[in-house]
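J.: Sharing a structure, written as C-alpha coordinates. Questions coming.
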Amino acid sequence: MALALQTFSTVKDANAALKAAGTRYLGGGTLVVRAANEGDVSVSSFVRSTEPALSTITVSGSEVRIGASVTMAAIARHPNLAALAHAARAVGGPAIRNMATVGGNLFAPAPYGDFTVALLALGATVGTDDGEVPIETFLAKRESNHAIVTSIGFSLPIDGGLRFLKVSRVKPKGVSVLSIAAVLKQAPDGAVSSAHIALGCMGDRPMRAKAAEKALLGRKLTSDGIAPALAVASDGTSPITDPIASAWYRNEVLPVHLGRLLLA
Amino acid sequence: MAKTPVQFTLNGAEKAEFIDSGATLLNALRDKIGDTSPKGGCHQGTCGACSVIIDGELRLSCLTLAETCNGAAITTTSGLSQGGVLHPLQRAFLDAFASQCGFCTPGMIMAAKVLLDRTPNPTRDEVVEALSGNICRCTGYEPIIQAVLTAARSNSQNAA
Ligand SMILES: Cc1cc2nc3c(=O)[nH]c(=O)nc-3n(C[C@H](O)[C@H](O)[C@H](O)COP(=O)(O)OP(=O)(O)OC[C@H]3O[C@@H](n4cnc5c(N)ncnc54)[C@H](O)[C@@H]3O)c2cc1C
Ligand code: FES
Ligand code: FES
(Lines give C-alpha, C1' and ligand atoms only; values in the text may rest on other atoms or scores of the structure.)
(Ligands and ions follow the chains in the order given, each with its own letter.)
Protein backbone atom coordinates (compact mmCIF):
# COMPACT_ATOMS: atom_id res chain seq x y z
CA MET A 1 0.00 0.00 0.00
CA ALA A 2 1.26 3.48 -0.82
CA LEU A 3 2.19 5.56 2.19
CA ALA A 4 2.35 9.31 2.00
CA LEU A 5 4.91 11.35 3.93
CA GLN A 6 4.06 14.93 4.80
CA THR A 7 6.93 17.10 6.06
CA PHE A 8 6.27 20.37 7.88
CA SER A 9 8.74 23.02 8.97
CA THR A 10 6.76 23.77 12.14
CA VAL A 11 5.38 21.53 14.87
CA LYS A 12 2.16 23.55 14.78
CA ASP A 13 1.43 22.63 11.15
CA ALA A 14 2.48 19.02 11.71
CA ASN A 15 0.13 18.80 14.72
CA ALA A 16 -2.72 20.06 12.54
CA ALA A 17 -1.96 17.45 9.86
CA LEU A 18 -1.85 14.67 12.49
CA LYS A 19 -5.56 15.18 13.17
CA ALA A 20 -6.45 13.38 9.90
CA ALA A 21 -7.43 9.72 10.22
CA GLY A 22 -4.71 7.16 9.43
CA THR A 23 -1.82 9.57 10.07
CA ARG A 24 1.09 8.74 12.37
CA TYR A 25 4.03 10.83 13.47
CA LEU A 26 7.37 9.66 12.06
CA GLY A 27 10.32 9.91 14.44
CA GLY A 28 13.33 7.80 13.50
CA GLY A 29 10.95 5.24 12.01
CA THR A 30 12.51 2.21 13.68
CA LEU A 31 9.11 1.13 15.00
CA VAL A 32 6.58 2.74 12.65
CA VAL A 33 8.32 1.99 9.35
CA ARG A 34 8.97 -1.50 10.64
CA ALA A 35 5.23 -1.84 11.36
CA ALA A 36 4.40 -0.59 7.84
CA ASN A 37 6.89 -3.09 6.35
CA GLU A 38 5.17 -5.82 8.33
CA GLY A 39 1.83 -4.88 6.77
CA ASP A 40 0.24 -2.62 9.40
CA VAL A 41 -2.54 -1.09 7.31
CA SER A 42 -3.76 1.25 10.06
CA VAL A 43 -1.24 3.85 8.86
CA SER A 44 -1.84 5.53 5.51
CA SER A 45 0.24 8.63 6.00
CA PHE A 46 3.30 9.70 8.00
CA VAL A 47 3.71 13.23 9.30
CA ARG A 48 6.99 14.72 10.47
CA SER A 49 8.32 18.10 11.44
CA THR A 50 11.79 19.43 10.73
CA GLU A 51 11.55 22.31 13.25
CA PRO A 52 15.18 22.78 14.41
CA ALA A 53 14.29 22.85 18.14
CA LEU A 54 13.23 19.21 17.86
CA SER A 55 16.84 18.23 17.14
CA THR A 56 18.50 20.43 19.74
CA ILE A 57 20.09 19.54 23.08
CA THR A 58 20.51 22.38 25.59
CA VAL A 59 22.39 21.97 28.84
CA SER A 60 22.36 24.96 31.15
CA GLY A 61 23.96 24.20 34.49
CA SER A 62 22.28 21.00 35.58
CA GLU A 63 19.11 21.64 33.55
CA VAL A 64 18.82 19.60 30.36
CA ARG A 65 16.36 19.90 27.48
CA ILE A 66 16.48 17.31 24.74
CA GLY A 67 14.45 17.81 21.55
CA ALA A 68 12.21 14.85 20.73
CA SER A 69 13.99 14.12 17.42
CA VAL A 70 17.41 13.83 19.08
CA THR A 71 18.81 10.35 18.51
CA MET A 72 20.33 7.93 20.99
CA ALA A 73 23.69 8.31 19.19
CA ALA A 74 23.60 12.10 19.67
CA ILE A 75 22.95 11.69 23.39
CA ALA A 76 25.65 9.03 23.78
CA ARG A 77 28.32 11.31 22.30
CA HIS A 78 27.22 14.61 23.91
CA PRO A 79 30.02 15.85 26.20
CA ASN A 80 27.63 17.12 28.90
CA LEU A 81 25.39 14.06 28.95
CA ALA A 82 27.94 11.45 30.01
CA ALA A 83 25.56 10.43 32.82
CA LEU A 84 23.04 9.26 30.22
CA ALA A 85 25.45 7.78 27.67
CA HIS A 86 25.18 4.29 29.11
CA ALA A 87 21.38 4.30 28.87
CA ALA A 88 21.45 5.73 25.33
CA ARG A 89 23.95 3.08 24.23
CA ALA A 90 21.64 0.38 25.59
CA VAL A 91 19.21 0.98 22.71
CA GLY A 92 19.78 -1.37 19.75
CA GLY A 93 22.95 -1.53 17.66
CA PRO A 94 24.88 1.37 16.08
CA ALA A 95 22.52 1.90 13.11
CA ILE A 96 19.41 1.80 15.30
CA ARG A 97 21.00 4.35 17.66
CA ASN A 98 21.63 6.70 14.72
CA MET A 99 17.90 6.59 13.95
CA ALA A 100 16.02 5.93 17.23
CA THR A 101 14.73 9.17 18.75
CA VAL A 102 14.00 10.10 22.35
CA GLY A 103 10.41 10.95 21.37
CA GLY A 104 9.86 7.53 19.79
CA ASN A 105 11.36 5.74 22.79
CA LEU A 106 8.58 7.19 24.99
CA PHE A 107 6.06 5.24 22.91
CA ALA A 108 8.03 2.01 22.52
CA PRO A 109 6.19 -0.98 23.99
CA ALA A 110 8.05 -3.48 26.21
CA PRO A 111 10.57 -5.06 25.71
CA TYR A 112 11.65 -1.70 24.27
CA GLY A 113 11.78 1.70 25.97
CA ASP A 114 15.13 1.28 27.76
CA PHE A 115 16.01 4.97 27.56
CA THR A 116 12.59 5.94 28.89
CA VAL A 117 13.37 3.87 31.99
CA ALA A 118 16.29 6.23 32.65
CA LEU A 119 14.10 9.29 32.00
CA LEU A 120 11.52 7.97 34.46
CA ALA A 121 14.13 7.56 37.19
CA LEU A 122 15.30 11.11 36.47
CA GLY A 123 11.75 12.42 37.00
CA ALA A 124 11.72 14.02 33.54
CA THR A 125 8.94 16.15 32.11
CA VAL A 126 7.51 15.63 28.64
CA GLY A 127 6.77 18.73 26.56
CA THR A 128 4.20 19.24 23.79
CA ASP A 129 2.73 22.43 22.34
CA ASP A 130 0.05 22.06 25.05
CA GLY A 131 2.58 22.33 27.91
CA GLU A 132 4.64 19.98 30.07
CA VAL A 133 3.58 16.95 32.09
CA PRO A 134 5.54 14.65 34.43
CA ILE A 135 6.77 11.60 32.53
CA GLU A 136 4.81 9.25 34.80
CA THR A 137 1.54 10.96 33.90
CA PHE A 138 2.53 10.99 30.25
CA LEU A 139 3.37 7.27 30.16
CA ALA A 140 0.13 6.30 31.92
CA LYS A 141 -1.90 7.96 29.16
CA ARG A 142 0.41 7.71 26.18
CA GLU A 143 -2.17 5.99 23.94
CA SER A 144 -4.45 9.00 24.21
CA ASN A 145 -1.65 11.47 23.41
CA HIS A 146 -2.22 12.94 19.96
CA ALA A 147 0.14 15.89 20.20
CA ILE A 148 3.72 15.77 18.94
CA VAL A 149 6.18 15.48 21.81
CA THR A 150 8.59 18.35 21.35
CA SER A 151 11.10 17.92 24.18
CA ILE A 152 12.09 16.14 27.36
CA GLY A 153 13.40 18.12 30.34
CA PHE A 154 15.18 17.00 33.51
CA SER A 155 17.88 17.95 35.99
CA LEU A 156 21.16 16.07 35.89
CA PRO A 157 21.56 14.10 39.12
CA ILE A 158 24.21 15.64 41.35
CA ASP A 159 25.69 12.96 43.57
CA GLY A 160 25.73 9.28 42.75
CA GLY A 161 24.51 10.05 39.25
CA LEU A 162 22.19 7.87 37.29
CA ARG A 163 22.64 4.15 37.85
CA PHE A 164 21.49 2.15 34.84
CA LEU A 165 21.50 -1.54 34.02
CA LYS A 166 20.12 -3.38 31.02
CA VAL A 167 20.02 -7.15 31.25
CA SER A 168 20.02 -8.98 27.92
CA ARG A 169 20.99 -12.42 26.74
CA VAL A 170 23.00 -11.36 23.70
CA LYS A 171 26.03 -9.13 24.16
CA PRO A 172 26.82 -6.41 23.31
CA LYS A 173 23.40 -5.82 21.77
CA GLY A 174 20.23 -7.62 22.72
CA VAL A 175 16.61 -7.07 23.62
CA SER A 176 16.00 -6.48 27.33
CA VAL A 177 15.19 -9.17 29.81
CA LEU A 178 14.70 -6.10 31.96
CA SER A 179 16.25 -2.72 32.53
CA ILE A 180 16.59 -0.75 35.75
CA ALA A 181 17.50 2.87 36.42
CA ALA A 182 17.99 4.46 39.82
CA VAL A 183 18.67 7.98 41.05
CA LEU A 184 19.57 7.97 44.74
CA LYS A 185 20.46 10.69 47.20
CA GLN A 186 22.39 9.81 50.33
CA ALA A 187 22.88 11.64 53.63
CA PRO A 188 26.48 12.21 54.83
CA ASP A 189 26.30 8.96 56.84
CA GLY A 190 25.41 7.05 53.67
CA ALA A 191 21.72 6.53 54.48
CA VAL A 192 19.46 6.88 51.45
CA SER A 193 17.46 10.11 51.69
CA SER A 194 15.65 9.90 48.35
CA ALA A 195 15.23 7.08 45.83
CA HIS A 196 13.76 6.98 42.33
CA ILE A 197 13.86 3.52 40.81
CA ALA A 198 12.40 2.76 37.38
CA LEU A 199 11.92 -0.63 35.74
CA GLY A 200 11.61 -1.74 32.10
CA CYS A 201 9.88 -4.94 30.90
CA MET A 202 8.19 -5.32 34.30
CA GLY A 203 4.92 -4.04 32.78
CA ASP A 204 3.77 -3.04 29.31
CA ARG A 205 5.65 0.25 29.79
CA PRO A 206 8.34 1.59 32.13
CA MET A 207 7.16 1.83 35.75
CA ARG A 208 8.43 3.02 39.13
CA ALA A 209 9.34 0.47 41.83
CA LYS A 210 7.58 2.47 44.53
CA ALA A 211 7.63 -0.16 47.28
CA ALA A 212 11.38 -0.67 46.84
CA GLU A 213 11.97 3.10 46.81
CA LYS A 214 10.13 3.45 50.14
CA ALA A 215 11.93 0.49 51.69
CA LEU A 216 15.32 2.03 50.81
CA LEU A 217 14.72 5.29 52.67
CA GLY A 218 16.99 5.65 55.69
CA ARG A 219 18.89 2.48 54.74
CA LYS A 220 22.55 2.15 53.77
CA LEU A 221 23.66 0.62 50.50
CA THR A 222 24.93 -2.63 52.01
CA SER A 223 23.62 -6.18 51.53
CA ASP A 224 21.68 -5.94 54.78
CA GLY A 225 20.58 -2.37 54.13
CA ILE A 226 19.00 -3.09 50.75
CA ALA A 227 17.44 -6.46 51.69
CA PRO A 228 13.99 -5.01 52.55
CA ALA A 229 13.92 -3.13 49.23
CA LEU A 230 14.82 -6.27 47.26
CA ALA A 231 12.09 -8.21 49.08
CA VAL A 232 9.44 -5.86 47.70
CA ALA A 233 11.08 -5.10 44.31
CA SER A 234 8.40 -7.02 42.40
CA ASP A 235 5.43 -5.40 44.17
CA GLY A 236 2.96 -4.12 41.60
CA THR A 237 4.84 -5.47 38.60
CA SER A 238 3.15 -7.27 35.73
CA PRO A 239 6.05 -8.32 33.52
CA ILE A 240 5.70 -9.20 29.87
CA THR A 241 6.24 -12.73 28.59
CA ASP A 242 8.03 -12.83 25.26
CA PRO A 243 10.60 -15.03 23.47
CA ILE A 244 13.34 -13.52 25.66
CA ALA A 245 11.87 -14.40 29.07
CA SER A 246 8.66 -15.33 30.84
CA ALA A 247 6.94 -13.03 33.31
CA TRP A 248 7.83 -15.50 36.08
CA TYR A 249 11.53 -15.38 35.16
CA ARG A 250 11.59 -11.60 35.02
CA ASN A 251 10.08 -11.38 38.51
CA GLU A 252 12.54 -13.99 39.82
CA VAL A 253 15.66 -12.18 38.57
CA LEU A 254 14.57 -8.60 39.25
CA PRO A 255 15.78 -8.56 42.89
CA VAL A 256 19.13 -10.07 41.87
CA HIS A 257 19.80 -7.36 39.29
CA LEU A 258 18.40 -4.55 41.44
CA GLY A 259 20.74 -5.70 44.20
CA ARG A 260 23.74 -5.61 41.86
CA LEU A 261 22.82 -2.11 40.69
CA LEU A 262 22.38 -0.78 44.23
CA LEU A 263 25.63 -2.29 45.49
CA ALA A 264 27.67 -1.31 42.42
CA MET B 1 0.37 5.05 -7.25
CA ALA B 2 1.49 8.56 -6.23
CA LYS B 3 5.07 9.37 -7.21
CA THR B 4 7.35 11.75 -5.43
CA PRO B 5 10.73 13.18 -6.49
CA VAL B 6 13.92 12.41 -4.57
CA GLN B 7 17.39 13.78 -5.15
CA PHE B 8 20.60 12.72 -3.40
CA THR B 9 24.14 11.72 -4.17
CA LEU B 10 24.89 8.02 -4.30
CA ASN B 11 28.56 7.17 -4.01
CA GLY B 12 29.37 10.70 -5.20
CA ALA B 13 27.05 10.67 -8.24
CA GLU B 14 23.92 12.86 -8.39
CA LYS B 15 20.69 10.85 -8.52
CA ALA B 16 17.21 12.24 -9.15
CA GLU B 17 14.24 9.88 -9.45
CA PHE B 18 10.50 9.72 -9.06
CA ILE B 19 9.72 7.02 -6.52
CA ASP B 20 6.55 5.59 -5.02
CA SER B 21 5.46 7.79 -2.15
CA GLY B 22 6.45 6.19 1.15
CA ALA B 23 9.00 3.84 -0.48
CA THR B 24 11.89 2.82 1.71
CA LEU B 25 15.41 3.83 0.70
CA LEU B 26 16.20 0.11 0.31
CA ASN B 27 13.46 -0.32 -2.30
CA ALA B 28 14.36 2.94 -4.03
CA LEU B 29 18.04 1.96 -4.28
CA ARG B 30 17.46 -1.59 -5.43
CA ASP B 31 14.37 -1.34 -7.62
CA LYS B 32 14.59 2.17 -9.00
CA ILE B 33 18.24 3.18 -9.01
CA GLY B 34 19.68 -0.29 -9.61
CA ASP B 35 22.15 -0.46 -6.71
CA THR B 36 21.54 -3.94 -5.36
CA SER B 37 24.43 -3.95 -2.90
CA PRO B 38 22.17 -3.22 0.14
CA LYS B 39 20.25 -6.46 0.79
CA GLY B 40 16.73 -6.90 2.14
CA GLY B 41 17.00 -9.59 4.79
CA CYS B 42 14.30 -8.89 7.34
CA HIS B 43 12.85 -5.42 6.60
CA GLN B 44 12.52 -5.14 10.39
CA GLY B 45 15.77 -3.49 11.38
CA THR B 46 17.12 -6.70 12.83
CA CYS B 47 19.67 -8.14 10.38
CA GLY B 48 21.67 -5.10 9.20
CA ALA B 49 22.01 -6.46 5.63
CA CYS B 50 20.47 -3.23 4.28
CA SER B 51 22.95 -0.95 6.12
CA VAL B 52 24.12 2.12 4.20
CA ILE B 53 25.98 5.27 5.22
CA ILE B 54 23.91 8.46 5.11
CA ASP B 55 25.81 11.71 5.69
CA GLY B 56 28.56 9.78 7.47
CA GLU B 57 26.24 7.78 9.74
CA LEU B 58 25.33 4.11 9.56
CA ARG B 59 21.61 3.64 8.92
CA LEU B 60 19.18 0.92 7.99
CA SER B 61 17.80 1.58 4.53
CA CYS B 62 14.83 -0.75 5.14
CA LEU B 63 13.51 1.56 7.90
CA THR B 64 14.41 4.86 6.19
CA LEU B 65 11.87 6.49 3.90
CA ALA B 66 13.64 7.53 0.69
CA GLU B 67 11.97 10.97 0.79
CA THR B 68 13.74 11.79 4.05
CA CYS B 69 17.09 11.48 2.20
CA ASN B 70 16.58 14.46 -0.09
CA GLY B 71 19.90 16.32 -0.30
CA ALA B 72 21.81 13.59 1.53
CA ALA B 73 25.10 11.91 0.61
CA ILE B 74 24.60 8.15 0.54
CA THR B 75 27.37 5.58 0.42
CA THR B 76 26.83 1.91 -0.35
CA THR B 77 29.29 -0.94 -0.67
CA SER B 78 29.03 -0.81 -4.47
CA GLY B 79 30.77 2.57 -4.37
CA LEU B 80 33.86 1.45 -2.47
CA SER B 81 36.15 0.01 -5.13
CA GLN B 82 38.08 2.55 -7.16
CA GLY B 83 38.97 1.87 -10.80
CA GLY B 84 38.61 -1.87 -10.28
CA VAL B 85 40.77 -1.89 -7.16
CA LEU B 86 39.01 -3.26 -4.12
CA HIS B 87 38.70 -1.18 -0.95
CA PRO B 88 40.97 -2.52 1.85
CA LEU B 89 37.89 -3.82 3.69
CA GLN B 90 36.68 -5.71 0.62
CA ARG B 91 40.18 -7.17 0.08
CA ALA B 92 40.43 -8.19 3.75
CA PHE B 93 36.98 -9.84 3.70
CA LEU B 94 38.05 -11.90 0.66
CA ASP B 95 41.41 -12.85 2.12
CA ALA B 96 40.02 -13.80 5.55
CA PHE B 97 37.13 -15.87 4.11
CA ALA B 98 34.84 -13.43 5.94
CA SER B 99 32.25 -13.72 3.21
CA GLN B 100 30.64 -17.09 2.58
CA CYS B 101 27.12 -16.81 1.12
CA GLY B 102 27.84 -13.07 1.03
CA PHE B 103 24.37 -11.88 1.95
CA CYS B 104 25.46 -10.03 5.10
CA THR B 105 28.71 -8.76 3.56
CA PRO B 106 27.67 -5.37 2.14
CA GLY B 107 26.02 -4.44 5.45
CA MET B 108 29.01 -5.66 7.45
CA ILE B 109 31.35 -3.64 5.26
CA MET B 110 29.26 -0.49 5.72
CA ALA B 111 29.27 -0.95 9.51
CA ALA B 112 33.03 -1.58 9.46
CA LYS B 113 33.66 1.43 7.22
CA VAL B 114 32.01 3.94 9.56
CA LEU B 115 34.01 2.45 12.41
CA LEU B 116 37.36 2.74 10.59
CA ASP B 117 36.53 6.23 9.29
CA ARG B 118 36.21 7.40 12.91
CA THR B 119 38.50 4.96 14.70
CA PRO B 120 41.33 3.91 12.35
CA ASN B 121 42.90 1.53 14.90
CA PRO B 122 40.00 -0.07 16.74
CA THR B 123 40.27 -2.66 19.47
CA ARG B 124 38.62 -6.03 19.02
CA ASP B 125 35.83 -4.94 21.39
CA GLU B 126 35.22 -1.82 19.33
CA VAL B 127 34.92 -3.97 16.19
CA VAL B 128 32.45 -6.32 17.91
CA GLU B 129 30.40 -3.34 19.11
CA ALA B 130 30.42 -1.74 15.65
CA LEU B 131 29.14 -4.95 14.03
CA SER B 132 26.61 -5.74 16.75
CA GLY B 133 23.60 -4.74 14.64
CA ASN B 134 24.59 -7.05 11.77
CA ILE B 135 23.74 -10.74 11.66
CA CYS B 136 25.79 -13.35 9.80
CA ARG B 137 24.45 -16.87 9.53
CA CYS B 138 27.54 -18.40 7.87
CA THR B 139 30.88 -17.35 9.23
CA GLY B 140 30.55 -17.45 13.00
CA TYR B 141 31.71 -13.79 13.01
CA GLU B 142 35.36 -14.45 13.88
CA PRO B 143 36.64 -14.18 10.27
CA ILE B 144 34.69 -10.92 9.90
CA ILE B 145 36.20 -9.45 13.06
CA GLN B 146 39.67 -10.50 11.88
CA ALA B 147 39.07 -9.00 8.43
CA VAL B 148 38.15 -5.63 9.94
CA LEU B 149 41.22 -5.68 12.19
CA THR B 150 43.40 -6.62 9.20
CA ALA B 151 41.94 -3.81 7.08
CA ALA B 152 42.65 -1.37 9.91
CA ARG B 153 46.27 -2.56 10.10
CA SER B 154 46.74 -2.30 6.33
CA ASN B 155 45.23 1.21 6.38
CA SER B 156 47.63 2.35 9.09
CA GLN B 157 50.59 0.78 7.26
CA ASN B 158 49.62 2.62 4.08
CA ALA B 159 49.31 5.84 6.04
CA ALA B 160 52.71 5.35 7.72
C1 LIG C 1 16.38 -4.09 15.67
C2 LIG C 1 15.78 -3.18 16.68
C3 LIG C 1 16.33 -3.16 17.96
C4 LIG C 1 15.80 -2.32 18.95
N5 LIG C 1 16.38 -2.33 20.17
C6 LIG C 1 15.88 -1.51 21.13
C7 LIG C 1 16.46 -1.51 22.43
O8 LIG C 1 17.41 -2.22 22.71
N9 LIG C 1 15.93 -0.68 23.36
C10 LIG C 1 14.87 0.14 23.08
O11 LIG C 1 14.45 0.90 23.95
N12 LIG C 1 14.28 0.15 21.86
C13 LIG C 1 14.76 -0.66 20.89
N14 LIG C 1 14.18 -0.68 19.66
C15 LIG C 1 12.96 0.08 19.45
C16 LIG C 1 13.15 1.49 18.87
O17 LIG C 1 14.24 1.55 18.00
C18 LIG C 1 13.39 2.55 19.97
O19 LIG C 1 12.47 2.39 21.02
C20 LIG C 1 13.32 3.97 19.41
O21 LIG C 1 13.70 4.91 20.40
C22 LIG C 1 11.97 4.35 18.83
O23 LIG C 1 12.12 5.66 18.31
P24 LIG C 1 11.83 6.05 16.79
O25 LIG C 1 12.18 7.47 16.66
O26 LIG C 1 12.46 5.13 15.83
O27 LIG C 1 10.26 5.84 16.77
P28 LIG C 1 9.24 5.78 15.55
O29 LIG C 1 9.25 4.42 14.96
O30 LIG C 1 9.46 6.91 14.61
O31 LIG C 1 7.90 6.03 16.35
C32 LIG C 1 7.42 5.13 17.35
C33 LIG C 1 6.05 5.64 17.84
O34 LIG C 1 6.19 6.86 18.53
C35 LIG C 1 5.47 7.89 17.90
N36 LIG C 1 6.31 9.08 17.96
C37 LIG C 1 7.65 9.16 17.65
N38 LIG C 1 8.12 10.39 17.92
C39 LIG C 1 7.09 11.10 18.40
C40 LIG C 1 6.95 12.46 18.84
N41 LIG C 1 7.97 13.31 18.86
N42 LIG C 1 5.72 12.87 19.25
C43 LIG C 1 4.66 12.02 19.24
N44 LIG C 1 4.74 10.74 18.83
C45 LIG C 1 5.92 10.29 18.41
C46 LIG C 1 5.23 7.41 16.47
O47 LIG C 1 4.08 7.98 15.89
C48 LIG C 1 5.08 5.92 16.69
O49 LIG C 1 3.78 5.62 17.10
C50 LIG C 1 14.69 -1.50 18.65
C51 LIG C 1 14.13 -1.51 17.36
C52 LIG C 1 14.67 -2.34 16.39
C53 LIG C 1 14.06 -2.33 15.01
S1 FES D 1 16.70 -5.66 5.91
FE2 FES D 1 17.12 -3.85 7.04
S3 FES D 1 17.83 -4.64 8.93
FE4 FES D 1 17.25 -6.45 7.86
S1 FES E 1 28.32 -14.77 4.85
FE2 FES E 1 26.37 -15.69 4.77
S3 FES E 1 25.24 -14.47 6.18
FE4 FES E 1 27.24 -13.77 6.46
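The values are calculated or read from the model by the stated rules, or taken from the named source; none is laboratory data. Note that this is a predicted model, so its numbers are computed, not measured. Backbone-built Cβ (ideal geometry, glycine too); neighbour counts: all protein chains shown. Heavy atoms of the whole protein, side chains included, go into the accessibility calculation; ligands, DNA and RNA do not. Shrake-Rupley method; radii C 1.70, N 1.55, O 1.52, S 1.80 Å.
J.: Take the range A:216-255 and flag every residue that is touching a residue at least 12 places away in the same chain (Cβ under 8 Å), open to solvent by 30 Å² or more (accessible area, probe 1.4 Å) and over 21 Å from the mean Cα position of the chain (by Cα).
T.: Selection gives A:L217, A:G218, A:R219, A:K220, A:L221, A:T222, A:S223, A:P228, A:L230, A:A231, A:V232, A:Y249.
J.: Let me ask something else about it. Which condition does A:T137 not pass, out of (1) under 17 Å from the mean Cα position of the chain (by Cα); (2) outside any helix (DSSP H, G or I); (3) of a type outside the set (A, V, I, L, M, F, W, C); (4) away from ligand 2 (no atom under 16 Å from the Cβ), if it passes all the others?
T.: If we test A:T137 against (1) under 17 Å from the mean Cα position of the chain (by Cα); (2) outside any helix (DSSP H, G or I); (3) of a type outside the set (A, V, I, L, M, F, W, C); (4) away from ligand 2 (no atom under 16 Å from the Cβ), just (2) comes out false.
J.: Then there's this: Please indicate, with yes or no, whether at least one residue in the range A:86-101 is open to solvent by 20 Å² or more (accessible area, probe 1.4 Å), of a type in the set (A, V, I, L, M) and in contact (Cβ under 8 Å) with a residue 24 or more places away in the chain.
T.: The answer is yes; a qualifying residue exists.
J.: Another one. If only one of B:A13, B:A23 is open to solvent by 30 Å² or more (accessible area, probe 1.4 Å), outside the structural domain of B:S132 (by TED's automatic domain parsing) and hydrophobic (A, V, I, L, M, F, W, C), which one is it? Can you show your working first?
T.: On the way: B:A23 fails: open to solvent by 30 Å² or more (accessible area, probe 1.4 Å).
On inspection, the qualifying residue turns out to be B:A13.
J.: For the range A:142-248, please list each of the strands (runs of 3 or more DSSP E) lying entirely inside it that holds at least 1 residues being touching a Lys or Arg at 6+ places or on another chain (Cβ under 6 Å).
T.: Details: elements: A:149-155, A:162-168, A:176-186, A:192-200.
The strands (runs of 3 or more DSSP E) meeting that bar are A:149-155, A:176-186, A:192-200.
J.: Against the conditions (1) outside any loop (DSSP other than H, G, I, E, B); (2) over 19 Å from B:T105 (Cβ atoms); (3) within 15 Å of ligand 1 (Cβ to nearest atom), where does B:A28 fall short? Just the number, please.
T.: (3)
J.: Still on this structure, I have one more. Out of A:E136, A:E132, A:E143, which single residue is over 17 Å from A:D204 (Cα atoms) and open to solvent by 40 Å² or more (accessible area, probe 1.4 Å)? I'd like the intermediate steps shown before the answer.
T.: Values: A:E136 fails: over 17 Å from A:D204 (Cα atoms); A:E143 fails: over 17 Å from A:D204 (Cα atoms).
None of the others qualify; the one that does is A:E132.
J.: Just one of the numbered conditions (1) more than 18 Å from A:A35 (Cα to Cα); (2) in a loop (DSSP other than H, G, I, E, B); (3) within 14 Å of chain B (Cβ to nearest Cβ) is not true of A:G123; which one?
T.: In the conditions (1) more than 18 Å from A:A35 (Cα to Cα); (2) in a loop (DSSP other than H, G, I, E, B); (3) within 14 Å of chain B (Cβ to nearest Cβ), A:G123 misses (3) alone.
J.: Hey, can you tell me all the residues within the range A:101-121 that are under 25 Å from A:S62 (Cβ atoms) and over 10 Å from the mean Cα position of the chain (by Cα)?
T.: To start, the set of residues in the range A:101-121 that are under 25 Å from A:S62 (Cβ atoms) comprises A:101-103, A:105-106, A:113-121.
Of everything in the range A:101-121, just one residue is under 25 Å from A:S62 (Cβ atoms) and over 10 Å from the mean Cα position of the chain (by Cα), namely A:T101.
J.: May I ask you to list the residues in the range B:90-112 that are within 16 Å of ligand 2 (Cβ to nearest atom), surrounded by 15 or more Cβ atoms within 10 Å (Cβ to Cβ) and of a type outside the set (A, V, I, L, M, F, W, C)?
T.: The answer is B:T105, B:P106, B:G107.
J.: Against the conditions (1) away from ligand 2 (no atom under 16 Å from the Cβ); (2) facing chain A (nearest Cβ under 9 Å), where does B:T24 fall short? Just the number, please.
T.: Condition (1) is where B:T24 drops out.
J.: Within the range B:117-136, how many residues turn out to be away from ligand 1 (no atom under 16 Å from the Cβ) and either more than 13 Å from chain A (Cβ to nearest Cβ) or over 14 Å from the mean Cα position of the chain (by Cα) (or both)?
T.: From the range B:117-136, those away from ligand 1 (no atom under 16 Å from the Cβ) are B:117-128; that's our starting set.
Still in the running and either more than 13 Å from chain A (Cβ to nearest Cβ) or over 14 Å from the mean Cα position of the chain (by Cα) (or both): B:118-128.
Total satisfying the criteria: 11.
J.: Within the range B:59-113, how many residues turn out to be among the acidic types (D, E) and not assigned by TED's automatic domain parsing to the domain that holds B:N134?
T.: 1
J.: Let me ask something additional. If I go through the range B:43-89 residue by residue, how many of them are open to solvent by 30 Å² or more (accessible area, probe 1.4 Å) and either assigned to a helix (DSSP H, G or I) or away from ligand 1 (no atom under 16 Å from the Cβ) (or both)?
T.: 16
J.: Specify which of the listed residues (B:L89, B:L10, B:L94, B:L29) is over 17 Å from A:M99 (Cβ atoms), more than 10 Å from every other protein chain (Cβ to nearest Cβ) and free of Cβ contacts under 8 Å to residues at least 60 places away in the same chain.
T.: Working: B:L89 fails: free of Cβ contacts under 8 Å to residues at least 60 places away in the same chain; B:L10 fails: free of Cβ contacts under 8 Å to residues at least 60 places away in the same chain; B:L29 fails: over 17 Å from A:M99 (Cβ atoms).
Exactly one residue qualifies, and that residue is B:L94.
J.: Could you check, for the range A:53-72, whether at least one of its residues is of a type in the set (D, E), away from chain B (no Cβ under 14 Å) and assigned to a helix (DSSP H, G or I)? Spell out the reasoning first.
T.: Kept after step one, since they are of a type in the set (D, E), are these residues of the range A:53-72: A:63.
From the residues that got through so far, the ones that are away from chain B (no Cβ under 14 Å) too are A:63.
With assigned to a helix (DSSP H, G or I) added as a condition, the list becomes none.
So far as the range A:53-72 goes, no, none of its residues is of a type in the set (D, E), away from chain B (no Cβ under 14 Å) and assigned to a helix (DSSP H, G or I).
J.: Quick one: which of B:A112, B:A152, B:A49, B:A92 is within 16 Å of ligand 3 (Cβ to nearest atom) and more than 28 Å from B:T24 (Cα to Cα)?
T.: Working: B:A112 fails: more than 28 Å from B:T24 (Cα to Cα); B:A152 fails: within 16 Å of ligand 3 (Cβ to nearest atom); B:A49 fails: more than 28 Å from B:T24 (Cα to Cα).
The unique qualifying residue is B:A92.
J.: Looking at A:G39, A:G92, can you tell me which residue is closer than 22 Å to B:C47 by Cβ, modelled with pLDDT of 95 or more and within 14 Å of chain B (Cβ to nearest Cβ)?
T.: Among A:G39, A:G92, only A:G92 is closer than 22 Å to B:C47 by Cβ, modelled with pLDDT of 95 or more and within 14 Å of chain B (Cβ to nearest Cβ).
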